[in-house]
Amino acid sequence: MAGEARQKGLARPDWADKNPTTRAVWRTGIAVVGGLVLAGGILMIPYPGPGWLVVFAGLAILAVEFTWAHRVLTYGRGKYDAWTDWLKRQSLAVRLLVLALTGVIVVATIWLLNGFALVGGWFGIEWPWLGSPLFTSAG
């Protein structure tokens, strides 16, 4: 029974199985929506907020129709749980170090994406070091 439910798709509506075209439309829609949510989640991982939650939501959407996504979701959830369990067992110093490294990654990413120069420009602050080396102007 579980294999049959997995093969049909746990949340596939009856209309999606009427013919090969509707099934292709359903699978394409799931792939596009799930892929966009997954990509958005991956972009949000380094920032404070729901990055991992959105990644797992994207994988859950894809897992509705794709077995590989279900396997990745199960594996990823296990690794995420193992990481958080490991982090809970560490001393305060290690947890603060992980927090500091996360902060460095966030600041570096914002700088590389020119976020500091953008916000500085709103307030008339045009310091050269705020600008990203990726977005230097040639003239």
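Things worth noting here:
- Taking the stretch 89-139 and dividing mean pair separation by its residue count, relative contact order in percent (alpha carbons under 8 Å, at least six apart): 31 percent
- Total charge dipole magnitude, the stretch 1-121, about the Cα centre, Cβ charges on Lys, Arg, Asp, Glu only, Debye to nearest 20: 200 debye
- The H on the amide N of ARG12, modeled in the peptide plane, is under 5 Å from the matching H of no residue at least 5 residues off or on a different chain.
- Computed [θ] at 222 nm, helices only, for the chain once each DSSP H run of length n ≥ 4 contributes -39500 (n - 2.57): -23000 deg cm²/dmol
- Each of LEU112, LEU38, PRO133 was scored by the projection of its Cα onto the charge dipole of the chain, and the greatest displacement toward the positive side belongs to LEU38; charges sit on the C-beta of Lys, Arg, Asp and Glu.
No value in this document is a laboratory result; all are computed from the given coordinates. All values derive from a computational prediction rather than experimental measurement. Positions of Cβ are backbone-derived with ideal geometry, glycine not excepted, and every protein chain shown enters the neighbour counts.
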